[in-house]
There are 2 protein chains.
Amino acid sequence: MTDPTQDLLPEGLEDRLPQSAAAAARIQRAMLDVMRSHGYDRVNPPLIEFEQSMARRMDGVRTRNLFRFVDPRSLRSLALRSDITVQVGRIAATGLANAPRPMRLAYAGQVARITGDMLDPRRENLQIGAELIGSDSVAAAAEVVEVAIAALEAAGAGRISVDFTLPDLVDTLADGPLPLDAETRAAVRRELDTKDAGGLVEAGGSAYLPLLYATGPFPQAAEKLAAIDGAGVLDSRIHALRQIAERVQGRARLTLDPSERHGFEYQSWFGFTLYAEGVRGALGRGGTYRIGGTDEAATGFSLYPDDLVEMVKAKETMGRRLFLPIGHDRTAANEMRADGWRTVAALTDADDGKVLGCTHALLDGEIQPL
Amino acid sequence: MTDPTQDLLPEGLEDRLPQSAAAAARIQRAMLDVMRSHGYDRVNPPLIEFEQSMARRMDGVRTRNLFRFVDPRSLRSLALRSDITVQVGRIAATGLANAPRPMRLAYAGQVARITGDMLDPRRENLQIGAELIGSDSVAAAAEVVEVAIAALEAAGAGRISVDFTLPDLVDTLADGPLPLDAETRAAVRRELDTKDAGGLVEAGGSAYLPLLYATGPFPQAAEKLAAIDGAGVLDSRIHALRQIAERVQGRARLTLDPSERHGFEYQSWFGFTLYAEGVRGALGRGGTYRIGGTDEAATGFSLYPDDLVEMVKAKETMGRRLFLPIGHDRTAANEMRADGWRTVAALTDADDGKVLGCTHALLDGEIQPL
């Protein structure tokens, strides 16, 4: 007896069939080629690591979401990676600890986690990214934002948006002109996260109310943010954001949401989220951070192009295909492939080029449309 | 206190650093491009599946070597894939069950297993392959061997060897001219596997002794095999091998080891193993088989290029790199990248192009060697 559910995949996991796999491969190549052209060298960490080593570098963020299992060899607990960034941080701190800085590294691979989230129920994602190790300066941030946009452009994303944020904004203001005790600070952060004006006032953070309105298109929002900051403690930050914005002007719609912290648990002074037309959620995010363990400064971004793949896959061209009948000239076929043709060779006389998706056939030594 | 071992990876798992990752990426692209040019469409199965579904399709072979863990969501047992071929078989039997045959599919991805083997202690491998679904004919076998050789050639493998085998040879002979009862048949297979002439005679298989000598360079070994087979039950097999050999003649050294079964637990009438100069173990294997569950005929191969990557990585060129000093012309830099240059932009005046691995620098608008 056959169990009809036996071939189903676990929830949140799926196969990429040809159109989707072709789109994913094209997008991955395009993104990696852009990173490569900007001097980023690929590294490939393994799928599995010691759970302890991986969790430690994740600063405890979402470590409960790791698929974990005991290694029968070492009898230690292993984890399937859920984020390649932390693995690249480990490589920077170990195998490439002595390589010159700034060091540019890129990566691409599958990551998995126990639970997806509401916006993305997937439990496996393609993650592609770049890390600029040894610097978290404005110049590093500007380069990383530029490379991220270029990677999305090359992948075919349209109308790219970049939303800037200042992950440590509340701390900076609370340590300076708008003082808060530790308890109120936590409450203010919480209310800003939910963008709840009433809650913010109730929590004792009315001085922070203007932050809720210093959002939107970049230049205007940056001006509003500057206006909040009478003491000038944000001057260097706002100047930095403007320099980054100038670098990518015209290539993306720029917005500012200075108190946004969601997804920026690792980031220090600068964070950004990437969007594109027709793609529901964020396509990626990045920013400045410190590598877990060594505390080395770094700036980077991660792209999660699965939704972009889904959007473009229907339009993905599978290439002109040339049907080669039984007895075709093999030398000619080699030449066609070298010329960029995809060929489909008949195995029997019954094979029908058109049924097999061919657009052309090699008949009497001539390429003829089907 | 820092545990000095905390950054070590589990036994058999490793990072690919830039030279190695560049070689792996180049080899993967080259192999996939060859498969694509022969009409093979990429599919991407997930890293994880239900253990039951995966193990069933593996016919119980090496299923104990799967990394397994319970899915907290479904409370069912999951497994990390150790072989993409069985996943492609599942896709052929489900998502692509109604696609026209013969159907050509390709794949590339990481696989993992609990224990490596003596020849390869790795517990994670890159697996790249192609499956021709819907046929296990001689024409299918010849195409698959040709594509496998072309993929290795494109990846830079030198002096490729292909070793043919007939996985069901003993059964064919024992059901025909050289009868054996079930018990003796098993013993004869075992002794042939270890190539033990004395053991073979003792086991009652002296009629099978000539098989041990029908090995070596293809045309001669095929003649010896034909000589064993007075009744002609192997005629069609030997003819098939000769047709396959003719198809790839001159592109690889061809050998025959007709009773070799190791690694061919899935294969039906035809199997082959791929080797290349300078690479210790086999680079891949393939053959004809039936897809688990549906019993559909198929022919395919899997390549495991990790050893090839290790061999070529030292020679892997990391590309000319152009150092861009502070204040460089960004438009010019974009043009250089479009021309194929890899650029490395200075973040501060202290950045030294030569230290950062650059071969050239953009100085006063001119490309100058460093």
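The values are calculated or read from the model by the stated rules, or taken from the named source; none is laboratory data. What you see is a predicted model; the values in this text were computed from it and never measured. Here the Cβ positions follow ideal geometry from the backbone for every residue, glycine too, while neighbour counts run over all protein chains shown.
Which of the residues that make up the range A:305-325 are in contact (Cβ under 8 Å) with a residue 24 or more places away in the chain and of a type outside the set (D, E, K, R)? Spell out the reasoning first.
Of the residues in the range A:305-325, the ones in contact (Cβ under 8 Å) with a residue 24 or more places away in the chain are A:305-314, A:316, A:318, A:320-325.
Once the filter is applied, which keeps residues that are in contact (Cβ under 8 Å) with a residue 24 or more places away in the chain and of a type outside the set (D, E, K, R), the range A:305-325 yields A:Pro305, A:Leu308, A:Val309, A:Met311, A:Val312, A:Ala314, A:Met318, A:Leu322, A:Phe323, A:Leu324, A:Pro325.
Does A:Ala23 fit the bill of being buried (at least 23 other Cβ atoms within 10 Å of the Cβ) and either more than 20 Å from B:Gly95 (Cβ to Cβ) or touching a residue at least 24 places away in the same chain (Cβ under 8 Å) (or both)?
Working: buried (at least 23 other Cβ atoms within 10 Å of the Cβ): yes; either more than 20 Å from B:Gly95 (Cβ to Cβ) or touching a residue at least 24 places away in the same chain (Cβ under 8 Å) (or both): yes.
In short, yes.
In the range A:86-98, which residue that is surrounded by fewer than 19 Cβ atoms within 10 Å (Cβ to Cβ) and more than 8 Å from chain B (Cβ to nearest Cβ) is nearest to the chain's Cα centre (by Cα)?
Here is the first cut: in the range A:86-98, the residues surrounded by fewer than 19 Cβ atoms within 10 Å (Cβ to Cβ) are A:93-95, A:97-98.
Next cut, more than 8 Å from chain B (Cβ to nearest Cβ) only: A:97-98.
Numbers: A:Ala97: 25, A:Asn98: 27 Å.
Ranking the candidates gives A:Ala97 first.
Listed residues B:Ala314, B:Ala333, B:Ala345; which is facing chain A (nearest Cβ under 10 Å), hydrophobic (A, V, I, L, M, F, W, C) and surrounded by fewer than 20 Cβ atoms within 10 Å (Cβ to Cβ)? Give the steps one after another, and end with the answer.
On the way: B:Ala314 fails: facing chain A (nearest Cβ under 10 Å); B:Ala345 fails: surrounded by fewer than 20 Cβ atoms within 10 Å (Cβ to Cβ).
From the options B:Ala314, B:Ala333, B:Ala345, the qualifying one is B:Ala333.
Report yes if B:Leu105 is away from chain A (no Cβ under 11 Å) and touching a residue at least 12 places away in the same chain (Cβ under 8 Å), otherwise no. If you could, list the steps in order and put the result at the bottom.
Details: away from chain A (no Cβ under 11 Å): no; touching a residue at least 12 places away in the same chain (Cβ under 8 Å): yes.
When the stated conditions are applied, B:Leu105 does not pass them.
What are the residues in the range B:252-286 that are within 17 Å of B:Thr85 (Cβ to Cβ) and more than 14 Å from the chain's Cα centre (by Cα), if any?
The answer is B:His262, B:Glu265, B:Tyr266, B:Gln267, B:Ser268, B:Phe270.
Residues B:Asp83, B:Asp117: which one is under 14 Å from B:Met58 (Cα atoms), more than 8 Å from chain A (Cβ to nearest Cβ) and out of contact with any Phe, Trp or Tyr (no Cβ under 6 Å at 6 or more places or on another chain)? Before the answer, list the steps.
Working: B:Asp117 fails: under 14 Å from B:Met58 (Cα atoms).
Result: B:Asp83 is the single residue among B:Asp83, B:Asp117 that is under 14 Å from B:Met58 (Cα atoms), more than 8 Å from chain A (Cβ to nearest Cβ) and out of contact with any Phe, Trp or Tyr (no Cβ under 6 Å at 6 or more places or on another chain).
So B:Ile244 clears everything in (1) crowded, with 19+ Cβ neighbours inside 10 Å; (2) assigned to a strand (DSSP E or B) except one condition, right? Which one?
(2)
Just checking, how many residues over the range B:229-241 are under 13 Å from B:Pro177 (Cα atoms) and assigned to a helix (DSSP H, G or I)? Can you show your working first?
Of all residues in the range B:229-241, those under 13 Å from B:Pro177 (Cα atoms) come to B:229-235.
Remaining after also requiring assigned to a helix (DSSP H, G or I): B:235.
Selection size over the range B:229-241: 1.
Output the number of the condition that A:Ser302 fails; it satisfies all remaining conditions of (1) in the same structural domain as A:Ile149 (by TED's automatic domain parsing); (2) in a loop (DSSP other than H, G, I, E, B); (3) modelled with pLDDT of 95 or more.
(2)
Yes or no: the range B:94-102 includes at least one residue that is in the same structural domain as B:Asp136 (by TED's automatic domain parsing) and not in a loop (DSSP other than H, G, I, E, B). Give the derivation first.
Residues of the range B:94-102 in the same structural domain as B:Asp136 (by TED's automatic domain parsing): B:94-102.
Those left that are additionally not in a loop (DSSP other than H, G, I, E, B): none.
No; the residues of the range B:94-102 include none that is in the same structural domain as B:Asp136 (by TED's automatic domain parsing) and not in a loop (DSSP other than H, G, I, E, B).
List the helices (runs of 4 or more DSSP H) that sit entirely inside the range A:171-228 and contain at least 1 residues that are in contact (Cβ under 8 Å) with a residue 60 or more places away in the chain.
A:182-193
Being in a loop (DSSP other than H, G, I, E, B) and more than 7 Å from chain A (Cβ to nearest Cβ) is the filter; apply it to the range B:62-75 and report the residue that is surrounded by the most Cβ atoms within 10 Å (Cβ to Cβ).
Narrowing the range B:62-75 to residues in a loop (DSSP other than H, G, I, E, B): B:62, B:66-67, B:71-75.
Filter again for more than 7 Å from chain A (Cβ to nearest Cβ), leaving B:62, B:66, B:75.
Values: B:Arg62: 15, B:Leu66: 22, B:Leu75: 7.
Here the answer is B:Leu66.
For A:Val162, which of the numbered conditions (1) crowded, with 20+ Cβ neighbours inside 10 Å; (2) over 30 Å from A:Arg29 (Cα atoms) fails to hold?
Going through (1) crowded, with 20+ Cβ neighbours inside 10 Å; (2) over 30 Å from A:Arg29 (Cα atoms) one by one, A:Val162 breaks only (2).
Checking the condition touching a Leu at 6+ places or on another chain (Cβ under 9 Å) and either part of a loop (DSSP other than H, G, I, E, B) or within 28 Å of A:Leu105 (Cα to Cα) (or both), which residue from A:Ala350, A:Ala361, A:Ala282, A:Ala332 passes? Give the steps one after another, and end with the answer.
Numbers: A:Ala350 fails: touching a Leu at 6+ places or on another chain (Cβ under 9 Å); A:Ala361 fails: either part of a loop (DSSP other than H, G, I, E, B) or within 28 Å of A:Leu105 (Cα to Cα) (or both); A:Ala332 fails: either part of a loop (DSSP other than H, G, I, E, B) or within 28 Å of A:Leu105 (Cα to Cα) (or both).
Answer to the selection: A:Ala282.
Go through (1) surrounded by fewer than 21 Cβ atoms within 10 Å (Cβ to Cβ); (2) modelled with pLDDT of 95 or more; (3) more than 7 Å from chain A (Cβ to nearest Cβ); (4) under 30 Å from A:Gly89 (Cβ atoms) for B:Asp15 and report which single condition fails.
(3)
Please specify each residue of the range B:120-137 satisfying the condition of being within 16 Å of the chain's Cα centre (by Cα), more than 10 Å from chain A (Cβ to nearest Cβ) and closer than 15 Å to B:Thr85 by Cα. Show your work before the answer.
Our first condition is that a residue be within 16 Å of the chain's Cα centre (by Cα); within the range B:120-137, this holds for B:120, B:122-132.
Restricting the remaining residues to those that are more than 10 Å from chain A (Cβ to nearest Cβ) gives B:120, B:125, B:127-131.
Listed by number, the residues that qualify are B:Asn125, B:Gln127, B:Ile128, B:Gly129, B:Ala130, B:Glu131.
Pull up the range B:18-55, narrow it to residues that are of a type in the set (Ser, Thr, Tyr) and more than 7 Å from chain A (Cβ to nearest Cβ), then point me to the one that is nearest to the chain's Cα centre (by Cα). Write out each step before concluding.
Our first condition is that a residue be of a type in the set (Ser, Thr, Tyr); within the range B:18-55, this holds for B:20, B:37, B:40, B:53.
Filter once more, keeping what is more than 7 Å from chain A (Cβ to nearest Cβ): B:20, B:40.
Details: B:Ser20: 18, B:Tyr40: 15 Å.
That would be B:Tyr40.
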